[in-house]
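**Q** First the structure, which I've put down as structure tokens, then a few questions once you've had a look.
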Amino acid sequence: HKRPALIIADILMPLVDGYELVRRMHEDPELSAIPVIFYTAMYHEREARALAQQYGVRSIVTKPGTPDSILTAVGRALEAGGEPATSADHKGSGRDRVQAITSTSAPKVGVFAAGEQRLAAIVEFAQAINAEHDPEALLSKVCAAARDVAFAQHAVIGLLDDQQAATIALFSSGLDSKAVESLRPPDLKGSPLAVVVRERRAFCIDQPRDRQPWARQLFGDVATGSLMGVPLATATRAYGWLLLRNKLGADGFSNSDLAVVTALAMQAAIGYENARLIEDSRRQAAALRDAQDRTHFAMAAAHMGVWEIDLMTNVVTWSETLAPVFGLTPAQAPTTLDSFLRLVHPDDRPSFTEHMRLAVAEQKEFTIEFRGLWPDGSHHWVGGRARVAYDEEGRPARLLGVGMDVHHEKLLERQFHQAQKMEAIGQLAGGIAHDFNNMLTAVLGNANLLLDDLEAESPLRPDLDEIVKAAERAAALTRQLLAFGRKQVMQPIAVDLNAIVRDLTQMLRRVIGEHIELASVAAPGLSPVRADPTQIEQVIMNLVVNGRDAMPAGGLLSIETANVTLDESYAESHISVRPGSYVMLAVSDSGTGIDEPTKRRLFEPFFTTKERGKGTGLGLATVYGIVKQSGGYIWVYSELGHGTTFKVYLPVADEAPQSLAPVEPSARALRGSETILVVEDEPAVRQLTRVLLERAGYRVIPAANAHEAIERFGAAGGEIDLVITDVVMPGASGPALLKYLTERRPNLKVLFMSGY
Ligand SMILES: Nc1ncnc2c1ncn2[C@@H]1O[C@H](COP(=O)(O)OP(=O)(O)OP(=O)(O)O)[C@@H](O)[C@H]1O
Ligand SMILES: [Mg+2]
């Protein structure tokens, strides 16, 4: 009458069972092509399946099959079309046996099967949520499980925002991909889902009379049929809602459906919460790792690390980045306090332990600088900072510290202090020397004048000679002090250091004696420097004499020159160095070497380790002053017992070197009758100059300063043949005076006279 496309039949039926139905269908040509599916609660499937196949049945779906399994079987059977799976052979001998078994066990099986299926689904679900740590994947699994457990056609889960006010994500099962795409979170307000979330109360609607907008948003036009909504919540927090639609095979969801799904949803919420916690802690662990990476990088870049001392056990823990600060690999890091302390310079150890003791006793944070001992025997400065960490009971438990490589900074700081100290001493010494110089000029000058006046046989002569000798010694000292204070009169020209060394060699050989070998290594093509050749001779001389004194038993003394470039990196480790081209002069000896305390005071005036009368301690001070005055640098490298090298760097001059022909003193007797204006602020020097000149026949007009000089010049007019003037004077200076005077008399002869 109306031929079906597919027949789904139970096996166990009164009067005519499934097999009989199929057999009879096959007898009717009209019906024989219609595919048949058995839908049965039979559990001994294998025999049943074999039998069914004999009868040409498409498939067997076990009751209560999941919606998916039923729909899949239907789809397959329809796709396959009219041809039976196999040619029907109804005379199967097993049929009767199966029927017999089936008929006896069917009542029990029918009852249990549904429960068993549900149980299986719940167990499977429980396993799934335990294994699933991705919160979103977990919610998708919950959808599928809830559908299976309750026999619903569709399941949707809505995930709430943190305020539990709006649905922010949906998960579903049983909806085709198109429907999933059009899923829109329903407005909670006014929908039963709001009650579900707010009051944690489930609801069941058997047949919604009108299609409610919220349900339509979810299911579109099929939003009819039964609905069940349950909260997805733990005891403390609601995460969302679970909605099931359309109970298959019944008009609505039963109370037991509701109970099971509610329990499942609660279980799911706990699973979801756990998954989120796990995800959170994973994220935190990753963030922690990132932070550790960053800290490690920062500490390594800053050459610092962290240490920890357990105050109970004295066990020491170092961060990986601390080891390089002590020249070690992380594997070599100390593990006990004793081995840690062995890495601290013995001189610094007492202070280190005392600081530790105080930190624990007085709960003070401390800062300390100490020398770390490197495996190669060198020491490197480490800056440390530490504080006590307490246990839960507030007792000191650990000492936490950071260590930082401050070697470079420390050296620069030292150099800086040294330079500052030298500057201050230089100012002082220079100032004193300047005054002394003036006085000594007067003493020497007047003594010499007296000597000139004395009879050759005068008994006063020996005493005067002594005065002159002592004054000359004092003047020599004063000159050295002036040099150190950079107040020596300097006549810099472009010179070739090689030429100076060459000219000095013979004299140096005599000075150092037979027991010391002298070697000089002159760099070819050495650049010229701008310096006062006499001063440079002084430098070489002082360095060589020091080298000699350091080698009482003989040795090797070498003088070396070279063109060098001091680059940025050199400038970085040597305070106040300007990068550029320099000429280096190195004086090395194989003598005693210089210890650390001596090294620190080396250039100080009057610092000497030599016995009284042997050294004045002005040698290196003079060298220092001259080098500085010439715009250069001096550094010392020394190893105890191995010798010392002093390196002097002078900036390269961009002029050709001048020859060093000495200026011969004039042999002509100095006599004259011209008029000379003498400008000098120091009365003793002015007076001496006046007497000297007048004795030589000159007429002298004295002036105490530039102001007076201008007055005298105006009054004496054209009589003045020469002006002798001091350079540095209170009021206008010598050069300023020169400018004024030569504007009035362009061809005026002027001589500068200066102690600087
Ligand atoms: N090449 C060197 N080797 C070892 N020690 C040195 C060397 N050069 C200098 N010193 C030390 O530095 C100190 C100061 O040297 P400096 O030249 O300033 O004075 P001095 O040599 O003692 O006396 P002066 O040079 O005035 O006669 C010396 O006493 C010595 O201890
Ligand atoms: Mg000396």
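The values are calculated or read from the model by the stated rules, or taken from the named source; none is laboratory data. Quantities reported herein were computed from a predicted structural model and do not represent experimental measurements. Neighbour counts run over all protein chains shown; Cβ positions are idealised from the backbone, glycine included. We work out accessible area using only protein heavy atoms, side chains counted, and drop any ligands, DNA or RNA first. Shrake-Rupley method; radii C 1.70, N 1.55, O 1.52, S 1.80 Å.
**Q** How many residues does region 10-31 hold that are in contact (Cβ under 8 Å) with a residue 12 or more places away in the chain and surrounded by fewer than 10 Cβ atoms within 10 Å (Cβ to Cβ)?
**A** 1
**Q** Within region 99-122, does at least one residue satisfy the condition of being in a helix (DSSP H, G or I), in contact with a Lys or Arg (Cβ under 7 Å, 6 or more places away or on another chain) and at pLDDT 65 or above?
**A** Checked region 99-122: no residue is in a helix (DSSP H, G or I), in contact with a Lys or Arg (Cβ under 7 Å, 6 or more places away or on another chain) and at pLDDT 65 or above.
**Q** Moving on to the next point. What number of residues within region 325-357 satisfy the criterion of being open to solvent by less than 50 Å² (accessible area, probe 1.4 Å) and in contact with a Lys or Arg (Cβ under 8 Å, 6 or more places away or on another chain)?
**A** Number of matching residues: 5.
**Q** Let me ask you something else. Out of (1) crowded, with 19+ Cβ neighbours inside 10 Å; (2) within 16 Å of ligand 1 (Cβ to nearest atom), the odd one out for ASP496 is which?
**A** So the condition that ASP496 fails would be (2).
**Q** Does GLN153 satisfy being touching a residue at least 40 places away in the same chain (Cβ under 8 Å), open to solvent by 30 Å² or more (accessible area, probe 1.4 Å) and more than 17 Å from ALA215 (Cα to Cα)?
**A** Against the criterion (touching a residue at least 40 places away in the same chain (Cβ under 8 Å), open to solvent by 30 Å² or more (accessible area, probe 1.4 Å) and more than 17 Å from ALA215 (Cα to Cα)), GLN153 does not qualify.
**Q** Collect the residues in region 436-469 that are surrounded by fewer than 13 Cβ atoms within 10 Å (Cβ to Cβ) and either in contact with a Ser or Thr (Cβ under 7 Å, 6 or more places away or on another chain) or in a helix (DSSP H, G or I) (or both), keeping them in residue-number order.
**A** Within region 436-469, ASP452, ASP453, PRO462, ASP463, ASP465, GLU466, LYS469 qualify.
**Q** Here's something else I'd like to know. Return the only residue of VAL489, VAL501 being part of a loop (DSSP other than H, G, I, E, B) and either touching a residue at least 60 places away in the same chain (Cβ under 8 Å) or more than 14 Å from ligand 1 (Cβ to nearest atom) (or both).
**A** From the options VAL489, VAL501, the qualifying one is VAL489.
**Q** Name the one entry in GLY631, GLY643 that is under 42 Å from the mean Cα position of the chain (by Cα), open to solvent by 30 Å² or more (accessible area, probe 1.4 Å) and more than 12 Å from ligand 2 (Cβ to nearest atom).
**A** Result of the check over GLY631, GLY643: GLY631.
**Q** Given the criteria under 25 Å from PRO533 (Cα atoms), surrounded by 14 or more Cβ atoms within 10 Å (Cβ to Cβ) and more than 12 Å from ligand 2 (Cβ to nearest atom), does LEU650 qualify?
**A** Against the criterion (under 25 Å from PRO533 (Cα atoms), surrounded by 14 or more Cβ atoms within 10 Å (Cβ to Cβ) and more than 12 Å from ligand 2 (Cβ to nearest atom)), LEU650 qualifies.
**Q** Follow-up question, since we're still on this one. Out of all the residues in region 456-503, which are within 19 Å of LEU440 (Cβ to Cβ), of a type in the set (Gly, Ala, Ser) and within 60 Å of the chain's Cα centre (by Cα)?
**A** ALA474, ALA475, ALA476, ALA483, GLY485
**Q** Can you list the helices (runs of 4 or more DSSP H) found entirely within region 134-248 that contain at least 2 residues being at pLDDT 85 or above?
**A** Ranges flagged: 135-150, 192-199.
**Q** What number goes with the only condition from (1) in contact (Cβ under 8 Å) with a residue 12 or more places away in the chain; (2) basic (Lys, Arg); (3) over 24 Å from LYS628 (Cα atoms) that ARG510 does not pass?
**A** The one condition ARG510 does not meet is (1).
**Q** Related question: Of everything in region 618-628 that's more than 13 Å from VAL545 (Cβ to Cβ) and within 13 Å of ligand 2 (Cβ to nearest atom), which residue is most open to solvent (accessible area, probe 1.4 Å)?
**A** Ranking the qualifying residues of region 618-628, first place goes to TYR624.
**Q** Please verify whether ARG690 is under 19 Å from THR742 (Cα atoms), modelled with pLDDT under 95 and open to solvent by 10 Å² or more (accessible area, probe 1.4 Å), treating the condition exactly as stated.
**A** no
**Q** Select from region 35-52 the residues that are touching a strand residue (DSSP E or B) at 6+ places or on another chain (Cβ under 9 Å) and modelled with pLDDT of 70 or more and list them in ascending order.
**A** Once the filter is applied, which keeps residues that are touching a strand residue (DSSP E or B) at 6+ places or on another chain (Cβ under 9 Å) and modelled with pLDDT of 70 or more, region 35-52 yields PRO35, VAL36, ILE37, PHE38, TYR39, THR40, ARG49, ALA52.
**Q** Can you name every residue in region 121-135 that is touching a helix residue (DSSP H, G or I) at 6+ places or on another chain (Cβ under 9 Å) and more than 13 Å from LEU264 (Cβ to Cβ)?
**A** Of everything in region 121-135, those that are touching a helix residue (DSSP H, G or I) at 6+ places or on another chain (Cβ under 9 Å) and more than 13 Å from LEU264 (Cβ to Cβ) turn out to be ASN130, GLU132, HIS133, ASP134, PRO135.
**Q** Regarding LEU71, is this residue at pLDDT 75 or above and under 23 Å from VAL261 (Cβ atoms)?
**A** yes
**Q** Hey, another quick one. Could you count how many residues in region 597-617 are within 20 Å of HIS417 (Cβ to Cβ) and within 15 Å of ligand 2 (Cβ to nearest atom)?
**A** Selection size over region 597-617: 10.
**Q** Scan region 675-687 residue by residue and report those that are touching a residue at least 60 places away in the same chain (Cβ under 8 Å) and open to solvent by less than 20 Å² (accessible area, probe 1.4 Å).
**A** Within region 675-687, GLU680, VAL685 qualify.
**Q** Output the residue which, of all residues in region 540-560 that are under 21 Å from ALA499 (Cα atoms) and more than 8 Å from ligand 1 (Cβ to nearest atom), is nearest to the chain's Cα centre (by Cα).
**A** In this case the residue turns out to be GLU560.
**Q** Follow-up question, since we're still on this one. Which of the residues spanning region 568-606 are among the hydrophobic types (A, V, I, L, M, F, W, C), within 16 Å of ligand 1 (Cβ to nearest atom) and open to solvent by 40 Å² or more (accessible area, probe 1.4 Å)?
**A** Listed by number, the list holds a single entry, PHE606.
**Q** Please enumerate the residues belonging to region 519-563 that are closer than 20 Å to VAL623 by Cα, of a type in the set (Val, Ile, Thr) and open to solvent by 20 Å² or more (accessible area, probe 1.4 Å).
**A** Hits for region 519-563 are THR534, VAL545.
**Q** Output yes when any residue across region 579-593 is more than 16 Å from ASN546 (Cα to Cα) and assigned to a loop (DSSP other than H, G, I, E, B), and no when none is.
**A** yes
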